[in-house]
Amino acid sequence: MNITVYCGANTGNDPEFIKKAAELGRWMAEHGHRLVYGGGNSGMMGAVSHALLEGGGKSTGVSPRFFIKNEEVRDDLTELIVSEHMWDRRKIMIEHGDAYIALPGGTGTIDEISEVLSLKRLGLLGDVNKPVMLYNINGYYDKFFEFLDNMAAEGFCRAADRQNAIEVTCIEDIERELEKAGGEDPTRNMLYVK
């Protein structure tokens, strides 16, 4: 399965972030999942990709040309797709994913996972279930989930739409959600898709 992973180019302040990113990369390699990510070699991106590649896993990095010029991209990826712009990068990463996971990261990570949540809400991720998960390591995404709950409470999204943002806190949670991937998507909103 192709798993698109969104995460920061920084390590963050909690050592558990890097530890869990590496654990995810190793687990993906062991279970034959392909990593689709931003192609970076530093921070959380570097941790997940290094562990995956070290474990013999396959990877697809998607990077805008200006990151490559600044040598911010790994040179040992299974596949590198070069985009012209950040918005092209996001589109390619979405198209290649069968499931999506956001590890801790900054505004770019929030931007990317929010776009996927919006597309899922609109029924634009395709005919099958593609889980959208936020890996809530040591409560990193607690405030984000509170914000989504408030959004639903204030009437800016349906409760069913709020449920599309799946909280996972360990590899076992991720495994459980991936078991649901590929089947019929019970949350698919057909209003916008003909």
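We did not get these values from a lab; they are worked out from the coordinates using the rules stated. Source: prediction; values computed, not measured. Because the Cβ atoms are built from the backbone with ideal geometry, glycine has one as well, and the counts that use them run over all protein chains shown.
Numbers at a glance
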| quantity | calculated |
| --- | --- |
| Residue with peak Gaussian network fluctuation, the chain [Cα springs, cutoff 10 Å], from N164, N13, N138 | N13 |
| Cubic angstrom per residue, convex hull over Cα atoms of the range 40-170 | 122 |
| Efficiency of FRET from Cβ geometry, T11 and R65, R₀ 25 Å, rounded to 0.05 | 0.50 |
| Sorted by Cβ density within 10 Å, fewest first, the residues T4, T11 | T11, T4 |
| Percentage relative contact order, the range 2-178, counting C-alpha pairs under 8 Å, at least six apart | 22 |
| Cα-based helix-to-principal-axis angle, 142-153 vs the chain, degrees rounded to 10 | 30 |
| Global form of the range 34-75, assessed from the alpha-carbon gyration tensor, a/c cut-off 1.5 | prolate |
| When the range 1-100 is reduced to its Cα atoms, the Kirkwood hydrodynamic radius in Å | 13.1 |
| Fewest-first sequence of V116, V5, V62 by Cβ atoms within 10 Å of each Cβ | V116, V62, V5 |
| Gain on full stretching of the segment that runs from I110 to A181 - 0.36 nm per residue minus C-alpha separation | 23.4 nm |
| Förster-model FRET efficiency, 45 Å R0, E84 and M1, C-beta, rounded to 0.05 | 0.95 |
| Set of aspartates and glutamates with alpha-carbon distance to K58 below 16 Å, sequence-local pairs under 8 removed | E23, E30, D75, D76, E79, D98 |
| Order of H50, H33 - criterion: other Cβ atoms within 10 Å of each residue's Cβ, fewest first | H50, H33 |
| Inter-label distance for E95 and D142, nm, one decimal - labels placed 7 Å from Cα along Cα-to-Cβ | 4.0 |
| Extension gain, H31 back to L122 (0.36 nm per residue minus Cα-Cα distance, nm) | 29.7 nm |
| Virtual spin-label span in nm between M151 and I171, 7 Å along Cα→Cβ | 3.1 |
| Fraction of alpha-carbon pairs over 21 Å apart in the range 49-117 - percent | 26 |
| Backbone HN-Hα couplings from phi across the range 113-124 [Karplus 6.51/-1.76/1.60, Hz, Gly and Pro as x] | 6, 5, 4, 4, 4, 5, 5, 5, 4, 7, x, 9 |
